[in-house]
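To start, the structure under review is shown below, and the notes come after it.
The values are calculated or read from the model by the stated rules, or taken from the named source; none is laboratory data. A quick note: this is a predicted structure, and the numbers were derived from the prediction, not measured. Cβ placement follows ideal geometry from the backbone for every residue including glycine, while neighbour counts extend to all protein chains displayed. When the accessible area is computed, the model is the full protein with side chains, heavy atoms only, and any ligands, DNA or RNA have been set aside. Shrake-Rupley method; radii C 1.70, N 1.55, O 1.52, S 1.80 Å.
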Amino acid sequence: MATYETFARVYDSIMDDSLYDKWTDFSLRHFPKHKKKLLELACGTGIQSVRFAQAGFEVTGLDLSADMLELAKKRASSAHQKIAFLQGNMLDLSNVGSFDLVTCYSDSICYMQDEVEVGDVFGEVYNCLNEGGVFIFDVHSTYQTDEVFPGYSYHENAEDFAMVWDTYADEAPHSVVHELTFFIQDDDGRFTRFDEIHEERTYEILTYDILLEQAGFTDVKVYADFEDKEPQEQSARWFFVAKKP
């Protein structure tokens, strides 16, 4: 599991900002009306949390990384939004309270070690949702992990940092390893190298459906690539909308 300490410093620079508009739009289309209390899992640096707060939701953001949460708190303050940020693990939501809505975006579910952990997360989310609540998350498609990611390479050069991002197939089915190397400029002008490993794994749609059903969810719908359409063979990202009865 990555520490995210270094990643937090350059995370916003390497993320495609337009994706947050797409996550927001998708959510607003699928959230039930008049449901306002929202928990965002793996909230990172808080960009999506702020978008939700600006849209009128009562937002709590949860993340493993204290470094990212510090950035999230500053972002919410600058945006004049009142958001509760909690450091915690989505594998244990017993103390976060109850919510009408839970989201988990940016393929964060794919960071779980195996399908047992994925099922555990679904169970935790189910337990903290109010009746009639909705859970929305996205994951990489198997096409993305099997065909697109292996051999993928991304390089970025900015004024105060450089980054090399290479992705390889891992041993488990539908799993990949992202190797990230950062060169970050220090106060004295010199660059320091940091290396991080990010491991992700996805599963067939049927596996997610079964795990959601086992957790108690009903009326599960699956969409693809931020649109209200069914997944196709080459869809890159799957979206699940699951309701608690």
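Given 57, 31, 26, 85, which one is aromatic (Phe, Trp, Tyr) and in contact with a Gly (Cβ under 6 Å, 6 or more places away or on another chain)?
From the options 57, 31, 26, 85, the qualifying one is 85.
Picking from 148, 139, which residue would you name as being open to solvent by less than 20 Å² (accessible area, probe 1.4 Å) and touching a residue at least 40 places away in the same chain (Cβ under 8 Å)?
From the options 148, 139, the qualifying one is 139.
Which residues, counting only those in region 102-131, are over 15 Å from the mean Cα position of the chain (by Cα), open to solvent by less than 30 Å² (accessible area, probe 1.4 Å) and either of a type in the set (S, T, N, Q) or closer than 18 Å to residue 245 by Cβ (or both)?
Selection gives 123, 128, 129.
If I go through region 106-131 residue by residue, how many of them are among the hydrophobic types (A, V, I, L, M, F, W, C), outside any helix (DSSP H, G or I) and either touching a Leu at 6+ places or on another chain (Cβ under 7 Å) or under 15 Å from residue 207 (Cβ atoms) (or both)?
Matching residues across region 106-131 total 1.
Which condition does residue 204 not pass, out of (1) open to solvent by 40 Å² or more (accessible area, probe 1.4 Å); (2) farther than 30 Å from residue 52 by Cα; (3) at pLDDT 95 or above; (4) touching a helix residue (DSSP H, G or I) at 6+ places or on another chain (Cβ under 8 Å), if it passes all the others?
For residue 204, the exception is condition (2).
If a residue has to be over 20 Å from the mean Cα position of the chain (by Cα) and either aromatic (Phe, Trp, Tyr) or surrounded by 18 or more Cβ atoms within 10 Å (Cβ to Cβ) (or both) to count, how many in region 155-184 make the cut?
Counting residues in region 155-184 that are over 20 Å from the mean Cα position of the chain (by Cα) and either aromatic (Phe, Trp, Tyr) or surrounded by 18 or more Cβ atoms within 10 Å (Cβ to Cβ) (or both) gives 5.
Output the number of residues of region 46-91 satisfying the condition of being in a loop (DSSP other than H, G, I, E, B), open to solvent by 30 Å² or more (accessible area, probe 1.4 Å) and either in contact with an Asp or Glu (Cβ under 6 Å, 6 or more places away or on another chain) or among the β-branched types (Val, Ile, Thr) (or both).
Qualifying residue count for the region: 1.
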